[in-house]
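The values are calculated or read from the model by the stated rules, or taken from the named source; none is laboratory data. Being a predicted model, the structure only gives us computed values, none of them experimental. No Cβ is skipped: glycine too gets one built from the backbone with ideal geometry, and neighbour counts run over all protein chains shown. Calculation scope for accessible area: heavy atoms of the full protein, side chains included, ligands and nucleic acids excluded. Shrake-Rupley method; radii C 1.70, N 1.55, O 1.52, S 1.80 Å.
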Amino acid sequence: MTYDRPCSEKDLFFFVISAQQYKLNPSMKAMVINAVSNLDFQSEPLEMVSLPDPLPGPGEVLLRIKSCGVCHTELDEIEGRTPPPWYPMIPGHQVVGRIESIGRGVSGFQKGDRLGVAWIFSSCGTCSFCISGKENLCRDFKATGRDINGGYAEFITVPAVSAFVIPDQFSDVEAAPLLCAGAIGYRSIKLSGMKDGHRLGLTGFGASAHLMLKMILHKFPSSKVYVFARSKKEQGFAMDLGATWAGDTGDTSPEKLDAIIDTTPVWKPVVEALRQLKPGGRLVINAIRKEDTDKEQLLQLDYTSDLWMEKEIKSVANVARSDVIEFLALAAEIPIIPEVQVYPLEEANKALLELKNRKIRGAKVLTID
Ligand SMILES: [Zn+2]
Ligand SMILES: [Zn+2]
């Protein structure tokens, strides 16, 4: 039995008991999801527990975790929009740690190396998507912290091929948000098809969008960026970082846009973004799941003004390994040093609630001693 597949709680129980991949004494601190819950009524959805220390299997490394980013996807996991296949599950897919031990068959790493783990944990490696560098679309794609235990803990085991070297100029907490918000933002920009001189819109201005703004201004110096965000604080933050214009989600931008990247969890900004596009423009939706709370907004969609004239809608699914590798190199070159707000692991619930309530300035990161 391997650890690299979803299994039932019963399986997991026998797995833990058999201790093939764990030490028996429970000593690792972890914050876990035990069930689907509604954060409007449950303010402490994660429970602090002690679990057996994981051991690296063949091809894997064991990392002692230093930091882990907090992502909106954790809210989707907890609230059941993309639930884990079994419980308890350790969430967290923006993990920075140092190698504690190395499994059989792994070369090129040594104890103490600093590595990052992103949303991509594993894929089948043999399907047409995997062999063409689109492993993000693989049927057997496994996501760190949703399908396999993630980084809200003291240790994590990960396939060595899915562990990425972190450039030296980033601290442990600065590197964490680069691994999801940054990498998926990088993929979104690629998928937007934008070129230098194009006008790009961003709807929503959380962790991913603020990193995208920095990337766009660096890669496309003649381009202008227009930001649609609900709060004045987010609008001000966007202007501070170099946006040409910032307004509310319902506002009309002063010019029609070549592409828009949507990073919000809801539908209203999607309909409004389509109206801001030029003919032939493309809307990229960077969200793993949309909330259903305002789904009726889709009925406001008017084909003639919102979709006709060859406008396109494209979603972003997961990340490929190349996205993480290319983005980390770009982030080091620019450099992109994310603005972070730090919480100890024990306060993961507080960080998640503040994320849900949009108390955002930069990215939230847990530190693990
Ligand atoms: Zn994420
Ligand atoms: Zn595959």
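Within segment 311-326, identify whether any single residue is among the charged types (D, E, K, R), open to solvent by 70 Å² or more (accessible area, probe 1.4 Å) and part of a loop (DSSP other than H, G, I, E, B), and answer yes or no. Let's see the steps before the verdict.
First pass over segment 311-326, keeping only residues among the charged types (D, E, K, R): 311-312, 314, 321, 323, 326.
From the residues that got through so far, the ones that are open to solvent by 70 Å² or more (accessible area, probe 1.4 Å) too are 312, 314, 326.
If we keep only those that are part of a loop (DSSP other than H, G, I, E, B) as well, we get none.
Taking every residue of segment 311-326 in turn, none turns out to be among the charged types (D, E, K, R), open to solvent by 70 Å² or more (accessible area, probe 1.4 Å) and part of a loop (DSSP other than H, G, I, E, B).
Inspect all residues belonging to segment 316-325 and state whether any of them is at pLDDT below 95, under 15 Å from the mean Cα position of the chain (by Cα) and on the phi > 0 side of the Ramachandran plot. So far as segment 316-325 goes, yes, one or more of its residues are at pLDDT below 95, under 15 Å from the mean Cα position of the chain (by Cα) and on the phi > 0 side of the Ramachandran plot. Reported count of residues in segment 139-157, each being away from ligand 1 (no atom under 16 Å from the Cβ) and not small (Gly, Ala, Ser), is 5. Figure legend. Inter-residue proximity from segment 320-339: first residues closer than 16 Å to residue 118 by Cβ, second residues polar (S, T, N, Q) and open to solvent by less than 60 Å² (accessible area, probe 1.4 Å), beta-carbon distance below 8 Å, spacing 6+ or different chains. Indicated pairs: 320/136; 321/162; 323/136.
Screening the candidates 183, 207 for the property of being open to solvent by 20 Å² or more (accessible area, probe 1.4 Å) and modelled with pLDDT under 95 yields one hit, 207.
Could you grab me the full set of residues in segment 80-138 that are within 16 Å of ligand 1 (Cβ to nearest atom), buried (at least 19 other Cβ atoms within 10 Å of the Cβ) and not hydrophobic (A, V, I, L, M, F, W, C)?
Filtering segment 80-138 for residues within 16 Å of ligand 1 (Cβ to nearest atom) gives 81-84, 89-96, 116-121, 136.
Checking which are buried (at least 19 other Cβ atoms within 10 Å of the Cβ) leaves us with 84, 89-96, 116-121, 136.
Within segment 80-138, 84, 91, 92, 93, 94, 116, 136 meet the criteria.
Checking each residue of segment 110-126 against the condition of being within 13 Å of ligand 2 (Cβ to nearest atom), more than 10 Å from residue 163 (Cβ to Cβ) and out of contact with any helix residue (DSSP H, G or I) (no Cβ under 7 Å at 6 or more places or on another chain) gives at least one match. For residue 368, the stated conditions hold: it is crowded, with 19+ Cβ neighbours inside 10 Å and among the β-branched types (Val, Ile, Thr).
Of all residue pairs spaced 6 or more apart or on separate chains, those with beta-carbon atoms under 7 Å, a first member in segment 116-133 that is under 30 Å from residue 169 (Cβ atoms) and a second member that is among the aromatic types (Phe, Trp, Tyr) and more than 9 Å from ligand 2 (Cβ to nearest atom) are 116/164; 118/164. Scanning segment 42-65 for residues that are outside any strand (DSSP E or B) and in contact (Cβ under 8 Å) with a residue 24 or more places away in the chain gives 43, 44, 45, 55, 56, 57, 58, 59.
In segment 282-295, the residues that are within 12 Å of residue 259 (Cβ to Cβ) and within 16 Å of ligand 2 (Cβ to nearest atom) never reach a residue that is basic (Lys, Arg) and in a helix (DSSP H, G or I) with C-beta atoms less than 6 angstrom apart, at least six apart or across chains. Here residue 359 meets each of (1) in a loop (DSSP other than H, G, I, E, B); (2) in contact with a helix residue (DSSP H, G or I) (Cβ under 9 Å, 6 or more places away or on another chain); (3) touching a residue at least 40 places away in the same chain (Cβ under 8 Å) with one exception, condition (3).
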